[in-house]
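Quick note: the coordinates plus some simple rules give every number you see, no bench work behind them. Only a predicted model underlies this, so the values are computations on that prediction, with no experimental measurement involved. Cβ sites come from the backbone with ideal geometry, for glycine too, and all protein chains shown count toward neighbours.
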């Protein structure tokens, strides 16, 4: 699923740099815009997750409601329920010289609901889910216990560098 430039509602300036190449975030909001983190915050979280893993990238971020999150989760993961974040790595062939990393889809109402239920700071929870999704875009996963430990440790490390608490310390 590639979010087309024609349907995007906001484009942030690619100012955050990793290895002298920028990270660009294309933001599309299909949910309450006033409750979505600013493009600069998203770019910072994505940049932190990519640090040392990739030099330069373009990531599309779409914030949706529960209905669209459920539809996407059902269509792409065969799970008929909304989920907090979905990651769609780019399937462009290598060697094109394009930096498209992929797409992240976040379910705004579910992010807020989880933050309240888990007694987490809302911004910290957004940061965690953006970092989590970005790590999926670069190939990390949590299908096995060993993978989960590695991914969670990396998330905790990145979030600590950003000044956020351990999201798994409930």
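Once you have a ≥ b ≥ c as the square roots of the Cα gyration tensor eigenvalues for region 87-146, tell me rounded if a/c is under 1.5, and otherwise prolate or oblate according to whether a/b is larger than b/c. Prolate shape, in that a/c is at least 1.5 and a/b is the bigger ratio. Take every Cα pair under 8 Å whose residues are at least 6 apart in sequence, average their separation, divide by the length of region 72-170, and the relative contact order is 23 percent.
Considering only beta bridges that DSSP places wholly inside region 43-170, some 40 percent are antiparallel. Arranged from fewest to most other beta-carbon atoms within 10 Å of their beta carbon, 90, 47, 60 become 90, 47, 60.
Taking each DSSP H run with n ≥ 4 as -39500 (n - 2.57) and averaging over every residue of the chain yields -12500 deg cm²/dmol at 222 nm. Between the labelled values (i) 28, 21, 14; (ii) 22, 20, 17; (iii) 32, 16, 14, the entry that holds semi-axes √(5λ) of the Cα gyration tensor in Å as derived from this structure is (ii).
The distance from the alpha carbon centre of region 136-165 to that of region 84-126 is 13 Å, rounded to a whole number.
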